[in-house]
């Protein structure tokens, strides 16, 4: 039997709202990516609703929580690409469950926790098993503000979009990964993500791992990127938000 490119590591209720979700790890057949290198990817999906449909219906709250980019329509993930393909392969039965052979094979690999979906939706024991099975991780969460999710600081960065959010997340015990606009100044404890200019890949940097390696660390930032229309929307929303103006008219019609 041919080696699968992905495996199921969890099927069960979302930690956010109890709806049935699935976690699938892909990339067992090594492929290279300009930014992430050869990292394994983990996809948090609804079990019975395609990603685009889930977003259109607002059902993606089960896997994304209260992430502002879900409601603003500014998430950098293109749901019609990898999430769509992974979901369809899952429904076709293309992914077996992870077993001891897979665990043995990935011991020298690195993993992105939550390539799509928020790690907070998944039971801690699932991530703990994966983290203990591999060489290194990166992870990001928008659910850092909730007390029940403080354990995520051990292996996830708090995704933040402003200095105020960064300061709040740090007080809650998180390192931060902040999105900034071109020309925006960095804080004293921040530095540019080295993947921005190709100096490193996520696979060989692994700085975005919360406090997985212990000790105090600085916090990376990345300049806003993604689809041009999403970038324009994000900039305009942030401008109006900072001026305490309404921006409901800018939201995708399905969510407005």
Exactly one of 226, 214, 183 is touching a residue at least 12 places away in the same chain (Cβ under 8 Å), on the phi > 0 side of the Ramachandran plot and not in a strand (DSSP E or B), and that one is 226
Note on residue 221: of the conditions (1) in contact with a helix residue (DSSP H, G or I) (Cβ under 6 Å, 6 or more places away or on another chain); (2) assigned to a strand (DSSP E or B), unmet is (1)
Consider residue 171 against the criteria (1) surrounded by fewer than 19 Cβ atoms within 10 Å (Cβ to Cβ); (2) in contact (Cβ under 8 Å) with a residue 40 or more places away in the chain; (3) over 24 Å from residue 60 (Cβ atoms): it satisfies all of them except one. Which criterion is unmet? (2)
Whichever residue in region 1-15 is in contact (Cβ under 8 Å) with a residue 40 or more places away in the chain and part of a loop (DSSP other than H, G, I, E, B) and, among such residues, is surrounded by the most Cβ atoms within 10 Å (Cβ to Cβ): 14
If the Cβ limit is 6 Å and pairs must be 6+ apart or interchain, which residue in region 229-248 that is outside any helix (DSSP H, G or I) pairs with which residue that is modelled with pLDDT of 90 or more? 247/237; 247/240
State whether one or more residues within region 236-252 are under 23 Å from residue 39 (Cβ atoms) and exposed (fewer than 15 other Cβ atoms within 10 Å of the Cβ). no
Kindly evaluate residue 150 against the criterion of being within 23 Å of residue 166 (Cβ to Cβ) and surrounded by 17 or more Cβ atoms within 10 Å (Cβ to Cβ). no
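Okay, residues lined up against (1) at pLDDT 95 or above; (2) surrounded by 22 or more Cβ atoms within 10 Å (Cβ to Cβ); (3) part of a loop (DSSP other than H, G, I, E, B):
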| residue | (1), (2), (3) |
| --- | --- |
| 17 | yes, no, yes |
| 25 | yes, yes, no |
| 29 | no, no, yes |
| 48 | yes, no, yes |
| 56 | no, no, no |
| 59 | yes, no, yes |
Are any residues in region 205-227 over 17 Å from the mean Cα position of the chain (by Cα) and at pLDDT 90 or above, and if so, which ones? 218
Residues being closer than 16 Å to residue 6 by Cα, in contact with a helix residue (DSSP H, G or I) (Cβ under 7 Å, 6 or more places away or on another chain) and part of a loop (DSSP other than H, G, I, E, B): count how many of those fall in region 96-137. 1
Within region 98-124, restricting attention to residues that are farther than 21 Å from residue 66 by Cα and in contact with a strand residue (DSSP E or B) (Cβ under 9 Å, 6 or more places away or on another chain), which residue is surrounded by the fewest Cβ atoms within 10 Å (Cβ to Cβ)? 99
Give me a count of the residues in region 71-128 that are in contact (Cβ under 8 Å) with a residue 24 or more places away in the chain and at positive phi. 3
So, residue 165, is that one at pLDDT below 95 and out of contact with any strand residue (DSSP E or B) (no Cβ under 7 Å at 6 or more places or on another chain) or not? no
Those residues of region 61-95 which are surrounded by fewer than 16 Cβ atoms within 10 Å (Cβ to Cβ) and either assigned to a loop (DSSP other than H, G, I, E, B) or in contact with a strand residue (DSSP E or B) (Cβ under 7 Å, 6 or more places away or on another chain) (or both), in sequence order: 66, 76, 78, 80, 81, 92, 93, 94
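The values are calculated or read from the model by the stated rules, or taken from the named source; none is laboratory data. Bear in mind the structure is a predicted one, so any value in this text is a computation, not a measurement. Glycine also receives a Cβ, built like all others from the backbone with ideal geometry; neighbour counts cover every protein chain displayed.
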